[in-house]
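Working notes for the structure below.
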Amino acid sequence: MMGPAHSLSGAAAWLGVGAAAAAAGHAMPWPVLVAGALICAGAALAPDLDHKAATISRAFGPVSRALCEVIDKISYSVYKSTRKAGDPRRSGGHRTLTHTWVWAVLIGAGASALAMIGGRWAVLGILFVHMVLAVEGLLWRAARVSSDVLVWLLGAASAWILADVLHKPGNGSDWLFSAPGQEYLWLGLPIVLGALVHDIGDALTVSGCPILWPIPIGRRRWYPIGPPKGMRFRAGSWVELKVLMPVFMLLGGMGGLAALGVI
């Protein structure tokens with residue numbers, strides 16, 4: 001899928017989690033619901049770090065472009081070293097390592113650990129990166145015609161405000177994990193979810209997605225999971241733009257209202 005659809009699906013997924021958490025008796029404070037939805041929207045772009053033409057490659061200028069090239073090379077090396085006889089030869093790393101459950105869990109766990117160890121500045125950094133990505137994904141039309149600096153300033157302001165709101169007692173820094181020293185441990189959850197939602201979205205397209213790596217399926221370790229080929233669509237097609245994106249908005253709205261106890 002394309003960047004906007006990925007971000008919308010990420011935000012909708014976290015709002016759905018908020019609804020489920022409320023139903024289970026662990027309702028999210030509204031700052032956690034808002035921050036998590038935006039983090040998840042941004043994290044849903046991150047698996048495309050292996051693609052130099054993706055939205056995320058432009059998000060932070062030369063830094064993100066250079067990072068994309070590095071991640072592409074690492075992903076390609078992992079693919080070559082772990083492929084089985086049934087996996088095709090390829091010349092790049094797109095839709096390999098960063099499109100797996102292993103990657104999703106690792107980056108989420110890394111973010112949680114960084115937030116706990118690094119304190120406020122680490123939290124601000126995590127929020128800033130994901131706020132910028134959320135702007136690029138959710139407000140993509142405006143982001144494309146504005147300067148990178150304006151997008152970064154909006155991301156920085158959003159991160160600063162959210163960090164201050166979350167830090168206030170009862171606003172969610174210790175949501176779900178309340179033991180001393182576990183504040184912000186939950187920050188990794190929307191990051192994991194965003195990456196997995198991205199992978200599921202890509203699995204619906206013609207190429208499929210090797211979400212289950214390194215679990216082998218038949219003669220392949222990088223098996224492209226997906227529905228029957230007749231049910232798949234091309235990225236950027238009318239199915240994505242006219243059907244899936246409105247559905248994501250509707251489900252996200254319903255999930256948010258349920259999470260807040262409105263419905």
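The values are calculated or read from the model by the stated rules, or taken from the named source; none is laboratory data. Bear in mind that the values here come from a model prediction, so they are computed numbers and not experimental data. Backbone-built Cβ (ideal geometry, glycine too); neighbour counts: all protein chains shown. We work out accessible area using only protein heavy atoms, side chains counted, and drop any ligands, DNA or RNA first. Shrake-Rupley method; radii C 1.70, N 1.55, O 1.52, S 1.80 Å.
Cβ-Cβ distances below 6 Å connect the following pairs, each with a first residue in the range 144-172 that is without any contact (Cβ under 8 Å) to a residue 60 or more places away in the chain, a second residue that is part of a loop (DSSP other than H, G, I, E, B) and among the small types (Gly, Ala, Ser), and a separation of six or more residues or different chains: His167/Ser173. Kindly indicate the residue of the range 223-238 that is basic (Lys, Arg) and open to solvent by 100 Å² or more (accessible area, probe 1.4 Å) and also nearest to Asp199 (Cα to Cα) among those meeting that condition. Only one residue fits best here, namely Arg234.
For the range 2-20, check the following and say yes or no: at least one residue is part of a loop (DSSP other than H, G, I, E, B), open to solvent by 10 Å² or more (accessible area, probe 1.4 Å) and under 19 Å from Thr98 (Cα atoms). Step through it out loud before you land on a result.
Keep residues of the range 2-20 that are part of a loop (DSSP other than H, G, I, E, B), which gives 2.
Next, only the ones that are open to solvent by 10 Å² or more (accessible area, probe 1.4 Å) stay: 2.
When the remaining residues are screened for being under 19 Å from Thr98 (Cα atoms), the result is 2.
Yes: the range 2-20 contains one or more residues that are part of a loop (DSSP other than H, G, I, E, B), open to solvent by 10 Å² or more (accessible area, probe 1.4 Å) and under 19 Å from Thr98 (Cα atoms).
Per this entry, Gly125 is not counted among residues that are outside any helix (DSSP H, G or I) and free of Cβ contacts under 8 Å to residues at least 60 places away in the same chain.
Residues considered: Ser237, Ser178. Of these, the only one that is at pLDDT below 90 and under 19 Å from Ser9 (Cα atoms) is Ser237. Would you tally the residues in the range 209-235 being within 20 Å of the chain's Cα centre (by Cα), within 29 Å of Gly18 (Cβ to Cβ) and in a loop (DSSP other than H, G, I, E, B)? Total meeting the criteria: 4.
In the range 240-263, of all residues being farther than 28 Å from Pro29 by Cβ and surrounded by fewer than 17 Cβ atoms within 10 Å (Cβ to Cβ), the one that is modelled with the highest pLDDT corresponds to Pro246.
In the condition set (1) in a helix (DSSP H, G or I); (2) surrounded by fewer than 22 Cβ atoms within 10 Å (Cβ to Cβ); (3) touching a Phe, Trp or Tyr at 6+ places or on another chain (Cβ under 7 Å), Phe177 is compliant with all but (1).
Quick grid of which residues meet (1) open to solvent by 40 Å² or more (accessible area, probe 1.4 Å); (2) in contact (Cβ under 8 Å) with a residue 40 or more places away in the chain; (3) at negative phi; (4) of a type in the set (Asp, Glu):
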{"site": "Ala24", "(1), (2), (3), (4)": "yes, no, yes, no"}
{"site": "Pro29", "(1), (2), (3), (4)": "no, yes, yes, no"}
{"site": "Gly42", "(1), (2), (3), (4)": "no, yes, yes, no"}
{"site": "Pro47", "(1), (2), (3), (4)": "no, yes, yes, no"}
{"site": "Ser57", "(1), (2), (3), (4)": "no, no, yes, no"}
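Could you check the range 122-168 and list, in sequence order, the residues that are of a type outside the set (A, V, I, L, M, F, W, C) and surrounded by fewer than 22 Cβ atoms within 10 Å (Cβ to Cβ)?
Applying the first criterion (of a type outside the set (A, V, I, L, M, F, W, C)) to the range 122-168 yields 125, 130, 136-137, 141, 144, 146-148, 155, 158, 164, 167-168.
Across the range 122-168, the qualifying residues are Gly125, Arg141, Arg144, Ser146, Ser147, Asp148, Ser158, Asp164, His167, Lys168.
Which is within 24 Å of Val135 (Cα to Cα), open to solvent by less than 60 Å² (accessible area, probe 1.4 Å) and at pLDDT 95 or above, of Ile191, Ile211?
Details: Ile211 fails: within 24 Å of Val135 (Cα to Cα).
So the residue among Ile191, Ile211 that is within 24 Å of Val135 (Cα to Cα), open to solvent by less than 60 Å² (accessible area, probe 1.4 Å) and at pLDDT 95 or above is Ile191.
Residues in the range 86-100 that are in contact with a strand residue (DSSP E or B) (Cβ under 7 Å, 6 or more places away or on another chain) and within 16 Å of Cys68 (Cβ to Cβ): Arg95, His99.
Filtered by the rule that a residue be under 20 Å from Ser173 (Cα atoms) and surrounded by fewer than 21 Cβ atoms within 10 Å (Cβ to Cβ), the range 102-111 gives Ile107, Ala109, Gly110.
Under the condition of being in contact with a helix residue (DSSP H, G or I) (Cβ under 6 Å, 6 or more places away or on another chain), free of Cβ contacts under 8 Å to residues at least 24 places away in the same chain and farther than 24 Å from Pro4 by Cα, the residues counted in the range 177-234 number 1.
Select from the range 78-101 the residues that are surrounded by 15 or more Cβ atoms within 10 Å (Cβ to Cβ) and either under 14 Å from the mean Cα position of the chain (by Cα) or touching a residue at least 60 places away in the same chain (Cβ under 8 Å) (or both) and list them in ascending order. Break it down into steps so the answer makes sense when it comes.
Residues of the range 78-101 surrounded by 15 or more Cβ atoms within 10 Å (Cβ to Cβ): 78-79, 82-83, 87, 93-101.
Tyr79, Thr82, Arg83, Asp87, Arg95, Thr96, Leu97, Thr98, His99, Thr100, Trp101, listed by residue number.
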